[in-house]
Amino acid sequence: MLSRDVLECYIKAGKIASEVRSEAKEIVKKGVPLLEICEKVEASIKAKGGELAFPCNICLNEIAAHYSSPPEDAQTVPKNAVVKIDLGVHIDGYIADTAMTVCLNPEFDGMVYAVNEALKQVINMVRPGVKTSQIGEVVQKTAQRYGLKPIWNLTGHQLSKYVLHTGKPIPNVPRFDFARINAGEVFAIEPFFTLSSGKGEIRSGTDSYIFRLQRERGVKSPTAKDLMDKIKENFKTLPFSKRWLNGFMPKSELDAAFKELLSAKNLMDYPILIEAAGKTVVQAEHTVIVTDDGRIVTTQ
Ligand code: MN
Ligand code: MN
């Protein structure tokens, strides 16, 4: 099992994440700049004593994941949008990862209800010994019951100190996999649904707004080395936004150094993920700690 100290960090991170998620729900409205929402979410996490586990994701309609406002984002929340907000908090590296869908189009209210229902159902299944494939099966059945499709190639994931995605994936469809969850493990569970006319699959887009340090070898220019040191010091191996590098060095130097780190693969990027048939996607996510006799939902 987890030590008391570690448990406390997870629970504190979860409480902050849950509060900020509730605040975010109130500020997502037609016409509000996406950048303003990202900045407010991130500032609130810090104001509550948390650290950012990854940039605030704000994904509209058919975009399923990995959009976070770039430094000069001019986009606003469009009319009738289906908006996924996905946010992450850590305390000493122990992460809370949670997401919700804010639906500004009543046509899609049923989808949001269904994905929340699926998350609730599978959270109730979490206990030592449960197969991850059983969770996927319940997610898929719930989607089908509401006439929807799960996104098969997006999964929940295990969390560990300073690592957002590790260990066992939690699928959204049944899989031929015998992996079981154990006491002391921590998971983010995140069903994604699309319409039955969707492909039930995401593809990568061309743009990336979220990055992560992946290796430290082979940096050539001193400014790139300097930037990499700053990234390592501030974000460790966690995902970050280019917005967070503002002021690290003059903009032209920063842009060149950033490009160098990316092309030398010192940084990896997370391209935006889009429903393959361009259909609307909804998401719900909580972080759960597996206990001896069940679970603690840290982000409830
Ligand atoms: Mn998430
Ligand atoms: Mn997640």
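The values are calculated or read from the model by the stated rules, or taken from the named source; none is laboratory data. Computed from a prediction, not measured in an experiment: that's the story for all the values here. Quick reminder, even Gly has a Cβ in these numbers, built from the backbone with ideal geometry, and neighbours come from all protein chains shown. To get the accessible areas, we keep the full protein, side chains included, count just its heavy atoms, and leave off ligands, DNA and RNA. Shrake-Rupley method; radii C 1.70, N 1.55, O 1.52, S 1.80 Å.
The table for this structure:
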item	result
Acute angle (nearest 10 degrees) that the helix 34-47 long axis makes with the longest principal axis of the chain, alpha-carbon atoms	90 degrees
Relative packing of 155-166, 10-21, 196-207, which averages over residues the other C-beta atoms within 10 Å, highest first	10-21, 155-166, 196-207
Loop-located trypsin sites (Lys or Arg not before Pro) in region 219-258, at most 11 other Cβ atoms within 10 Å (DSSP)	Lys220
Sum of side-chain charges, Cys56 neighbourhood, beta-carbon under 9 Å (Lys, Arg +1; Asp, Glu -1)	-2
Region 265-300 and region 169-241: distance between their alpha carbon centers, rounded to Å	10 Å
Rg(Cα)/(2.2 N^0.38 Å) for the chain, N = residue count	0.98
Accessible solvent surface per residue of the chain, calculated while the other protein chains remain in place, 1.4 angstrom probe, Å²	44 Å²
Apportionment of accessible area to carbon and sulfur, the chain, percent (1.4 Å)	51 percent
Pairwise Cα inverse-distance average, inverted: Kirkwood Rh of region 209-272 (Å)	11.5 Å
Spatial extent of region 157-249: Rg and Dmax, with the Cα atoms as the point set, Å	18.0, 52
Using a Förster distance of 25 Å, the FRET efficiency for Lys48-Asn124 (Cβ separation, nearest 0.05)	0.30
Solvent-free Debye scattering, log10 I(q)/I(0), computed from the Cα coordinates of region 16-165 at q = 0.14, 0.20, 0.21 Å⁻¹	-0.75, -1.36, -1.42
Whichever lysines have a C-alpha closer than 18 Å to that of Lys30, once near sequence neighbours (fewer than 8 apart) are set aside	Lys40, Lys79, Lys84
FRET efficiency estimate (nearest 0.05) - Cβ-Cβ, Glu19 to Lys232, R0 22 angstrom	0.15
Helix-only CD estimate at 222 nm, as mean residue ellipticity for the chain, using -39500 (n - 2.57) per DSSP H run (n ≥ 4)	-10500 deg cm²/dmol
13 Å beta-carbon shell around Thr194, net charge (K/R +1, D/E -1)	+2
